[in-house]
Structure formats: structure tokens, C-alpha cells
Amino acid sequence: MGILIASSPRSGSSCLSGLVQLHGFSLGKDVATVKDTYNEKGYFENESILNFNRSALDQIGVNVFCEEKPTESQIEKSLDFNTHLEDVFDRQFSGELFSIKDPRIAILQDLYLKVSPSSKVILLRRNSEDSAKSMQRMRGFDLSKGMAVKAVYDALLDDMRDKADCLEMSFESVLSDPVASLGTFCEWAGVELQESVVLEFIERKLVHFNESSDSNI
């Protein structure tokens, strides 16, 4: 079974991906090892998936920080990459529980659900202003652009609701009540909650529960 974590950029997907991994979901063979001041624990993503997604978006002419939804023609063009994505899946995930995290999944949702129609999808939300400010600090563009990007991704997540078995989660809830949030996830995913490792992973001091910190997001 596969879990796709769909969110806007800077919405807590790295934190959630790490928690999902702790419940037995593989990140695949080529796990990214980058850690930085924005994600001190790491990004919990797959390098081959990232490379594929970046290439696909370049070829259809969409930027990850897009301010408009992809057009129908861009979506149709993305579906031409299904064989390539199937090859990536075959190399990275061998019949195991796996999870994939990358904001670009929301843009490439039709492609991903064509290649892996049985995958479950987490629709991860975060307060729009906090996401936009985090994008602003990380990328240096105007807050208004961050808000526009966030609005596009919210619309893309809304589009996914009727396409797959989806679970809505919020980053704020994961931080404020991680056991309850991950308990809901585990019931939905059919795995056992690992309460102690959840509490160990969520280090509140890394996030500080305010918009001035982006660590582990």
C-alpha cells in the first residue's frame, strides 16, 4: 500500500513524512539525506521521486511555486510520463508499505493516481499565512506570492478529494496533539500507533509553535 502526502510547500510535510515512516512506511531506496536550518531532522523524501517530479514539471511548463493551477493541456501532457514514473516506482518500492512526499504530487495528481490508483492520500493543510511567510523566508519572494501559491495548492488538494481515499490532516493538529492526529492516521492506514516514537519525534522546541520558526517543517 502506498501513501501520498500532498500539501503546499512549507506546510509540515517533512514532519508528517517522518512520522509516517516511523509507522512502517518505506521512503524507498534513494532516501534524500539533506538536512538544513529549515528541516533539522531532514526532509524524509525520495531523491529519485524528486528528480522525476522536477523533470516532469519542467517539461509541462509548471513551477512548484505556481500562482495558477496547471491547464488541462499541461495535465494531459503529464500523463505521458506514466511509464517513466512506473519505472521509478518499480526501482524504489518493492511490494512494501511506502510513502511519498513532495508538494509537486498535488500538481501531478492525475499522473500519480494513474500509476498508483490504490494509493491513499493525505491532504495536509497548514495556516495559509504561516505557509506563505515560511515560503517568503526560504525563497525570498513577496508574501503576496506565497499566499497565491498556497491558494493554488489548497484548490489542488480540494481536487484530490473525490479521486482517492483521502485523509485530511492539519500541521497545527499534528503539533498540538500528535498522538491523536497519528492515531487517526493509523486507524485509516490500518497500522498500529507507535505512541512513544511519535512523542519522541515531535520536539516542540524545534517549532516553538509560532510562525517565526520553520525548523522541521
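Going by Cα centres, segment 2-71 and segment 140-197 are how many Å apart? Centre-to-centre (Cα) distance: 13 Å.
For GluC sites (Glu not before Pro), the sites in segment 36-133 that DSSP calls loop and that have at most 15 other Cβ atoms within 10 Å are Glu40, Glu67, Glu68, Glu96. Excluding same-chain neighbours fewer than eight residues apart, the lysines reachable from Lys120 by a Cα-Cα span under 19 Å are Lys101, Lys163. Derived scalar couplings between HN and Hα for segment 108-117 equal 9, 4, 5, 5, 5, 6, 6, 6, 10, x Hz in order, rounded to whole Hz, by the Karplus curve 6.51 cos²θ - 1.76 cosθ + 1.60 (θ = phi - 60°), x for Gly and Pro. Within the chain, the longest run free of exposed loop sites, counting trypsin sites (Lys or Arg not before Pro) that sit outside DSSP helix and strand states (H, G, I, E, B) and have at most 13 other Cβ atoms within 10 Å, spans 36-160. Bridge orientation summary for the chain: considering DSSP beta bridges with both residues in this region, about 5 percent are antiparallel. In segment 95-181, the inverse of the mean reciprocal separation of distinct Cα atoms equals 14.3 Å; this is its Kirkwood hydrodynamic radius. Here, the chain has an Rg and a Dmax of 16.2, 47 Å when only alpha carbons are counted. Within the assembled protein chains, the solvent-accessible surface assigned to Asp177 is about 80 Å², based on a 1.4 Å probe.
The values are calculated or read from the model by the stated rules, or taken from the named source; none is laboratory data. Fair warning: this is a prediction, and the values are worked out from it, not measured in the lab. In this analysis, Cβ positions are derived from the backbone assuming ideal geometry, glycine residues included, and neighbour counts consider all displayed protein chains. When the accessible area is computed, the model is the full protein with side chains, heavy atoms only, and any ligands, DNA or RNA have been set aside. Shrake-Rupley method; radii C 1.70, N 1.55, O 1.52, S 1.80 Å.
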